[in-house]
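The values are calculated or read from the model by the stated rules, or taken from the named source; none is laboratory data. This one's a predicted model, so the numbers in the text were calculated from it and none came from an experiment. Ideal geometry is used to build each Cβ from the backbone, glycine not excepted, and the neighbour counts take in all protein chains shown. These accessible areas exclude ligands, DNA and RNA; they are computed on the full protein's heavy atoms, side chains included. Shrake-Rupley method; radii C 1.70, N 1.55, O 1.52, S 1.80 Å.
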Amino acid sequence: MIEFIKGTIDYVNPEYIVIDHHGIGYQIHTPNPFSYRKDNQKEITIYTYQHVREDIIALYGFSSREEKALFMKLLNVTGIGPKGALAILASGDPSQVIEAIENENDTFLVKFPGVGKKTARQIILDLKGKLGDVAALYAPDLFNQEELEQKQTDNHALNEAVEALKVLGYAEREIKKVIPSLQNESLSTDQYVKKALQKLLK
């Protein structure tokens, strides 16, 4: 098991990031890859989870041990795989997810891709009352949005955000509903993704 990888961001795309660690590039799937673009060519630490199946070996990475812990708890729920767990964490506010589980708010949970009524009830059944340790460990500023020094001024960032949303499992018809409200804004890809998710989860 690889607990973490420390290296520099070499590449970012809608599905994963690549960390250069002493000349070896590790492909790591993260909840919102574009959130790491601000760290391009900087040394960072990614906390990793290695997922092994008969047909695949993949690394999943997180900005903190707490985020990784929540991911692993979601994986223990019947019907939730790595892609589904990433989509839930990509909203950028796990505290909302924890609150929804504790309050048995399945209406909120079914808004995530791949989470139907049955799976939402299963999440609540399996995790309610078992997330206190994770919630207590979150730093107060963990979910604060960090402004980028240079904002994208064309639609290239928005197009990348759309691709990232598709990778998370959102249908094109769902994405098209929120795009018009974002087109007049000048944001980074990461910010477009976060804002689109906020609208999709309303």
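Could you work out the percent of alpha carbon pairs in the stretch 1-105 separated by over 19 Å, rounded to a whole number?
Values: 2298 of 5460 pairs.
Tail fraction, whole percent: 42.
Taking a cut-off of 16 Å between Cα atoms, list the lysines near residue 130, but don't count ones fewer than 8 places away on the same chain.
Within the straight-line limit of under 16 Å, residue 130 reaches these lysines: 68, 73.
I'd like to check one number: the per residue accessible area of the chain, probe 1.4 Å, reported in Å² as a whole number.
Values: 10770 Å² over 202 residues.
That works out to 53 Å² per residue.
How much accessible surface does residue 176 have with a 1.4 Å probe, in Å² rounded to 10?
130
Restricting to DSSP loop positions (anything but H, G, I, E, B) with no more than 16 other Cβ atoms inside 10 Å of their own Cβ, which GluC sites (Glu not before Pro) remain in the stretch 162-202?
Answer by residue number: 185.
I'd like the Karplus ³J(HN,Hα) series for the stretch 38-46: coefficients 6.51, -1.76, 1.60, θ = phi - 60°, whole numbers in Hz, and an x wherever there's a Gly or Pro.
Listing the rounded values in order: 5, 9, 3, 6, 9, 7, 9, 10, 10 Hz.
Accessible area of residue 181, 1.4 Å probe, to the nearest 10 Å²?
Roll a 1.4 Å probe over it and residue 181 shows about 60 Å².
With unit charges on the beta carbon (Lys/Arg positive, Asp/Glu negative), name the residue among 98, 64, 155 whose Cα is farthest towards the positive pole of the charge dipole of the chain.
Selected residue: 98.
What is the dipole size for the chain, taken about its Cα centre, with +1 at each Lys and Arg Cβ and -1 at each Asp and Glu Cβ, in debye to the nearest 20?
Working: 24 positive and 28 negative charges, 150 e Å.
Dipole of the chain, to the nearest 20 debye: 720 debye.
Could you give log10 I(q)/I(0) at q = 0.17, 0.23 Å⁻¹ for the stretch 1-62, computed by the Debye formula over C-alpha point scatterers of equal weight, without solvent?
-0.50, -0.90
Based on C-alpha coordinates, I'd like the Rg and Dmax of the stretch 31-84, in Å.
12.5, 38
How big is the gap, in Å, between the Cα center of the stretch 1-51 and the Cα center of the stretch 99-120?
Distance between centres, Cα-based: 29 Å.
Translational D (Stokes-Einstein, µm²/s) of the chain at 25 °C and 0.890 mPa s when Rh comes from the Kirkwood sum over C-alpha pairs? Working shown, then result.
Values: Rh = 17.5 Å.
Estimated diffusion coefficient is 141 µm²/s.
At a threshold of 8 angstrom on Cα-Cα distance, excluding pairs fewer than six apart, so keeping six or more, what relative contact order does the stretch 8-102 reach in percent? Can you show the working numbers first?
On the way: 125 pairs, mean separation 19.0, N = 95.
It comes to 20 percent, rounded to a whole number.
What is the chain's relative contact order, in percent, from Cα pairs under 8 angstrom and six or more apart in sequence? Each step should come with its number before you reach the end.
Details: 286 pairs, mean separation 36.2, N = 202.
Reported relative contact order: 18 percent.
Could you tell me what percent of the DSSP beta bridges with both partners in the chain are antiparallel, to the nearest 5?
Just about 90 percent of them are antiparallel.
Are there any GluC sites (Glu not before Pro) in the stretch 1-67 that are in a DSSP loop and have at most 13 other Cβ atoms within 10 Å? List them by number.
On the way: sites: 3, 15, 43, 54, 66, 67; in loops: 3, 15, 54.
When the GluC sites (Glu not before Pro) of the stretch 1-67 are filtered for loop state and at most 13 Cβ neighbours within 10 Å, 3, 54 remain.
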